Amino acid sequence: MKKNVNRQPGLAEDSGVQKNMLIFKAIGVAIPFVLLVIIELSLRLFSYGDNLDLFINSKNDSNYLVFNPYASRKYFTDPTIATAGNTERFKKKKDHNTCRIFVLGESTTIGYPYFYNASFHRWLQYRLTYTFPEKNFEIINLSLTAVNSYTVLDFAKELVNYQPDAVLIYVGQNEYYGALGVGSTQSLGDNPFLTNIIVELRTIKTVQLITNLYRKVTQLFRNKTVDPDSPRMKVIVANQKIPFKSHLYQLGIEQFRYNIGKTLKLFGEKNIPVFLSNLVSNEKDLPPFITTPENGQLPASFTTKYNSGLKALAARDTISAQSCFREANQVFHDHAQCNFYLGRIAFSTGDFQNAKTYFERAKDLDLLRFRAPAELNQIIGQLSAQYKSTYLVDAKGTFERHSPNNIIGDNLIIDHVHPNLQGYSLLSDAFYETLKSARLIKVSPETEMSYDQLVKQMPISSVDSLAGVFRIRNLKSRWPFNDPAYKIGLPVNTLEEKLARKLAFEQMGWQVVNKSLFAYYEQNKRFSEASKITEAMVLENPTNQPLYELTGKYSIELNDYKKGVFYLKKSFYMAPTFDKAKYLMVILLQEDHPTEALPFLNYAIANNSEGFNLGPVKNSVEKIIELQKVLLTDSLNITVLNRVAEGYQKIFNRDGAMKYLSQVLKLDPRNMDAKTMVNQINQHVNYGKN
C-alpha cells in the first residue's frame, strides 16, 4: 500500500528564501572586500604611494640590489622626518666566493657624526678584505638614524631571504625615542605585537592612502607646526621625562626584549649567525640631560643638603661636597645629577669602583632617555645566551679596557653615545674578534691585518674627520645639549676645512667632495694623500673596478708594492685583461714573487693580444720557482743563488738578479760568476742611459 505524503509548499518557499538571504548576505559581506581589492589594484596600477620593500634594483645595474631609501617610511608616522641610509650594492645572485654580512642598527651603527668610511662596518670591511684577499666581502649596512628595535625586527623578516652569512646588530640607544618607541612622537601605542602588525599593513597601498588622508585632515586642525629648524632629536621626543622604573620606562624595556627576542628567534630558525653587541655610552664626562622629577618636587632635606654640596663644590671643598651629596642621596637616591657629582668626586679621589657605580646610576636616572639604561645590556646578554646562533659582542668591555680606570668618557665617545674615530675602530675590533672566536672567519697569522695595522692604514681623510667635528659641534650647540661653547664657529681656511664644512651641512655630497680633494692633491703633487682618497672611494664603491686599478697603480708609484699588488689583483679578478696580467707579472717578478706571478703569466700567454714571445719567460720563471724550493732547505747554496740570478737576468729583471747576486758576493766576494753577471747588468744599465 502506497503511503500518502502531505507536502507543505510554505516550507519549501521558506527554504528558498533562506538560501537567497544567505547569498545576499555573503554578497553584502564580500562587496567591501572586493571594493578594497579593486582600490588596491587601482592604486598599484597608477603607482600610488611608496614602495616600502627593503631592497630595490640598483639604478646602474639591475643585477645588483641596494637599500631602498623609502623603506624607513614604514616606521615614521610623519614621512617628512623619515631617514635614509647607505646605498651599498650587492649582487642579486650571491657568488660562491662571497661572504655576505648585513648590519642592523641606529645612528651609531651608521657611523654618525662621520660619513661612510668612519663607521665600524667600514673598518671591519677594510680589515677583512686585507686579511682574506682571495675572498669577496659584501658588508651591507642597513642602519638608520632615529630608529630602534622595531626596524631591526621588521628588516630581519626580509633579510632571511637574501642569503646572509652573518648579521651584525648594535641597537638600543634609541629604544625610547626612535621611531615607534614608547616615548616618541612617532609611537603607535605600547603593544609591540599590534605595532608590528600595523607596520606590516603599511605596505598595502590602501592603508597608505587612508594614512595620508588622515594626516592631511589632522594637519588642517593642528594649531602648531613643527619648526623646520628644530633638530630631529627634539622633533621625535614626546615624553622628555621618563622616570627610572616608571610604567613608561618598563614599557620601553619590554618593547626591546620583545623585538630583539623575535629577531634572534627568526634568525636562529634559519641558522643564520647573529652577532649582537652590548651598548656603550659616555658616562664619565656627560652630565644627565634632565634630572628634575616630573612634578618638580623634591624633599626639602634633600634640597638643603644638595645645595650645600653645590656651594662646597664651587669652593673646591671636595670633602664637604662629597659629605653633603651623600647625605642628600640617602634622603632621595633617584636624583641623577647628585649621583653624577658623587661619581666625579669619587673619580677625583681615586675611588674608581664607586665612581663607576655612581656614573652608571646617574645615566640610568637621567629622565631624558637618549642613553640606553644598563638593563638593556643585561637583556642583550640574556638573549645572546638564550637563542642559538647568537653571539654576544662585548663592545662595552672593549671600550672599558681602552678607557682610563675602565670608565668610558670623552676619550672614546664624542657626545652622549656616538664613538669618535678611535671608538669606531674599537667597535669594529670587538665585532672582528667575536667573528673569529665564533669561527665564522678562520684567520691565518701570516695574512691577518692586526688592529695596529688597521689603525695605521685605514683610509680616512682629514675631510672625513673634520666633517664629523662640524656636525658634532652643530649637534652640541642645540637641544638637548645647548652648550654655548659650541655655538662659536670654527675657522675655515684650508680647502680641507671648506670642503668638510660643505659636506657636514649637506652642501656637497661625499663623492663630489672626494673627487675635488683628489684633483687638488694630484695637482699639488701630494700623491700619498691622493692615494688615500682613491682607497677611500674603493671602500664606498667596492664594485668599481677602475678605482681598484687606479689605487693599485698609485701605490706602485709610491713604492708601496704590497698594497699596489693587492689592489691590482682585485682589479684583475673583477675584469681580467692581457695588459693587467702583464703588469702584475712584471711587478711580482721585480719583487721576487715568481710563484705569484706565474698565474698572470699563464693568463698573458693564453690571451696574448700583443704577440709577445712569452714562452722563454715562462721557462725561466718555472726554473726560478724550482730553484727557490731548493733554497728553502739550503739557503747558502751559492750555485743555486747564481742560477736564480741568471734566470732573472735572462728575463731582464735587474732588481731580482741583483738581489741574489748581492747574497752570493756577501758569501763569496771573489765569486767570478756573480761578478760577471753584475758587470753585464751594469753595462746594460749604462748603455740604456747613453
I'm trying to understand the selection: among the residues of the range 438-471, which are basic (Lys, Arg) and in a helix (DSSP H, G or I)?
LYS456, ARG471
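Please tell me if PHE256 is touching a residue at least 12 places away in the same chain (Cβ under 8 Å), part of a helix (DSSP H, G or I) and either more than 30 Å from GLU433 (Cβ to Cβ) or among the aromatic types (Phe, Trp, Tyr) (or both).
Details: touching a residue at least 12 places away in the same chain (Cβ under 8 Å): yes; part of a helix (DSSP H, G or I): yes; either more than 30 Å from GLU433 (Cβ to Cβ) or among the aromatic types (Phe, Trp, Tyr) (or both): yes.
Against the criterion (touching a residue at least 12 places away in the same chain (Cβ under 8 Å), part of a helix (DSSP H, G or I) and either more than 30 Å from GLU433 (Cβ to Cβ) or among the aromatic types (Phe, Trp, Tyr) (or both)), PHE256 qualifies.
Matching residues to (1) under 20 Å from ASN97 (Cα atoms); (2) at pLDDT below 95; (3) in contact with a His (Cβ under 8 Å, 6 or more places away or on another chain); (4) among the small types (Gly, Ala, Ser):
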{"site": "TYR126", "(1), (2), (3), (4)": "yes, no, no, no"}
{"site": "GLU134", "(1), (2), (3), (4)": "yes, yes, no, no"}
{"site": "PHE137", "(1), (2), (3), (4)": "yes, no, no, no"}
{"site": "LEU142", "(1), (2), (3), (4)": "no, no, no, no"}
{"site": "SER149", "(1), (2), (3), (4)": "no, no, no, yes"}
{"site": "LEU159", "(1), (2), (3), (4)": "yes, no, no, no"}
{"site": "PRO164", "(1), (2), (3), (4)": "yes, no, no, no"}
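If we keep just the residues of the range 145-192 that are of a type in the set (Asp, Glu) and part of a loop (DSSP other than H, G, I, E, B), which is farthest from THR108 (Cα to Cα)?
As a first pass, look at the range 145-192 and keep what is of a type in the set (Asp, Glu): 154, 158, 165, 175, 190.
Cutting the leftovers down to part of a loop (DSSP other than H, G, I, E, B) gives us 165, 175, 190.
Working: ASP165: 22, GLU175: 13, ASP190: 25 Å.
Within the range 145-192, the match that is farthest from THR108 (Cα to Cα) is ASP190.
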Kindly check whether there is at least one residue in the range 238-248 that is at pLDDT 95 or above and not in a loop (DSSP other than H, G, I, E, B).
yes
For the range 35-57, which positions are farther than 26 Å from ALA179 by Cβ and either of a type in the set (D, E, K, R) or touching a residue at least 24 places away in the same chain (Cβ under 8 Å) (or both)?
LEU36, ILE39
Exactly one of SER437, SER444, SER462, SER450 is among the hydroxyl-bearing types (Ser, Thr, Tyr), under 25 Å from the mean Cα position of the chain (by Cα) and surrounded by 15 or more Cβ atoms within 10 Å (Cβ to Cβ), and that one is SER462
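Looking at the range 482-505 only, could you name the residues that are in a helix (DSSP H, G or I) and either farther than 27 Å from ILE290 by Cα or in contact (Cβ under 8 Å) with a residue 12 or more places away in the chain (or both)?
TYR486, LEU495, GLU496, GLU497, LYS498, LEU499, ALA500, ARG501, LYS502, LEU503, ALA504
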Restrict the check to the range 562-581 and report whether at least one residue is buried (at least 18 other Cβ atoms within 10 Å of the Cβ), more than 29 Å from the chain's Cα centre (by Cα) and not small (Gly, Ala, Ser).
yes
If you go through the range 662-683 one residue at a time, do you hit one that is free of Cβ contacts under 8 Å to residues at least 24 places away in the same chain, hydrophobic (A, V, I, L, M, F, W, C) and within 22 Å of LYS582 (Cα to Cα)?
no
Residue in the range 429-437 that is under 29 Å from SER384 (Cβ atoms), part of a loop (DSSP other than H, G, I, E, B) and touching a residue at least 40 places away in the same chain (Cβ under 8 Å) present
no
Restricting to the range 241-267, what's the tally of residues that are within 17 Å of GLY189 (Cα to Cα) and either surrounded by fewer than 21 Cβ atoms within 10 Å (Cβ to Cβ) or of a type in the set (Gly, Ala, Ser) (or both)?
11
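The values are calculated or read from the model by the stated rules, or taken from the named source; none is laboratory data. Quantities reported herein were computed from a predicted structural model and do not represent experimental measurements. Don't worry about glycine lacking a Cβ; one is built from the backbone with ideal geometry, like all the others, and counts go over all protein chains shown.
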